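Here is the structure we will look at.
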Amino acid sequence: MNRSELTNEALATSVIAVPPMALNADLSLNWDANRSLLDHLEDGGVRVVLYGGNANLYNIGQKDFVTLIDFLGKSGRPDTWLIPSVGPDYGKMMDQADILRDAAIPTAMVLPMTFPATPEGAATGIRRFADRFGKPVILYIKSATYLTPKLAGKLVADGVAQTIKYGFVRPNPAEDPFLEELLAEVDRSRVISGIGERPAVCHLSKFGLNSFTSGCVSLAPALSMSILAAVKAGELEKAEELRALFLPLEDLRDSISPLTTLHDAVTFSGIADMGPILPLLSNTDPAHHSSIRSAAQALLREEQRHRQALSAQAAQ
């Protein structure tokens, strides 16, 4: 695990993976399965792994959170950042601040709270967490009722937040007044697209965002990294072709459940057995398993072909 500062320059070089969390039957952390998934991500070139919503950290208890931080400290390659998330409620995040500070974690993302919360109250809570933690944090904005652009800009300007994960779902990601307002307050190098591959090419090419997060990168990290590289190189047609490979699984995530579908898709792909999902969520209905398995395995086959092509190119 890389314990150095996670700069925005470093974030620009990697897709930010947001994988699910593997559990045993008794809901304890499955270290072996999580390491298998992490190895798959790192083998595909990913160097920033963020455990947040897809890992269902909204529902994790403090005892398991300590176990998770211990796992992160003992995992990953020396150049891979492993980032946990905290909250979303105030009391939980403040208790977690002491755990993170003592573990020398470079940063953490604050999960957004929708109710009961106000923008001003959320900003105050984040300030107090960052002060106790002793380091700037990653904000996650996915609704207009959580933080306003001006409040987010003030948190960045004051050194409370270093990076913003922007997660608004829009019918057309090219039309986004809130994002435009946010970028008037915060330098675009501090904002990452936070909704996977679907809007990533638009967010990076039109709005100049720094990088993007992805859940489906858990199955196809080399493909996802190639999307990032293509956009950075201005090869937008190539980026769109690669992005299209993710859409069948993304469509299922949108129609069933983004978190639970991804959790089970990793299991069905054969990369790692993710086991049960922590309540208050539940695994997907068996009626959906065939379609999820088919999409997951198809994406993994595309990943394997892509890695073979990359290896052949490197050998020339």
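Counting only DSSP beta bridges with both residues in the chain, the antiparallel share comes to about 5 percent. Approximating the spin labels as points 7 Å out from Cα along Cα→Cβ, the residue 315-to-residue 35 distance works out to 3.0 nm.
Put a dot 7 Å past the Cα of residue 67, heading toward its Cβ, do the same for residue 25, and the two dots end up 1.6 nm apart. Packing here is the average count of other Cβ atoms within 10 Å per residue, and on that basis the peptides 262-273, 182-193, 20-31, highest first, run 262-273, 182-193, 20-31.
Take the cross-link list 165/206; 74/154; 135/165; 74/232 and give me the ones stretching past 25 Å between alpha-carbons.
74/154; 74/232
Centre-to-centre separation between the Cα atoms of the range 147-226 and those of the range 288-316: 26 Å. Among 237-244, 121-128, 206-213, sorting by the average number of other beta carbon atoms lying within 10 angstrom of each residue, highest first, gives 206-213, 121-128, 237-244. Between the range 251-272 and the range 20-34, the alpha-carbon centres lie 16 Å apart. Could you give log10 I(q)/I(0) at q = 0.07, 0.16 Å⁻¹ for the chain, computed by the Debye formula over C-alpha point scatterers of equal weight, without solvent? Log10 I(q)/I(0), no solvent term: -0.25, -1.45.
Every number here is computed from the coordinates shown, using simple stated rules; none is lab data. The structure presented is a predicted model; accordingly, all values stated were derived computationally and were not measured. We place every Cβ from the backbone using ideal geometry, glycine too, and count neighbours over all the protein chains shown.
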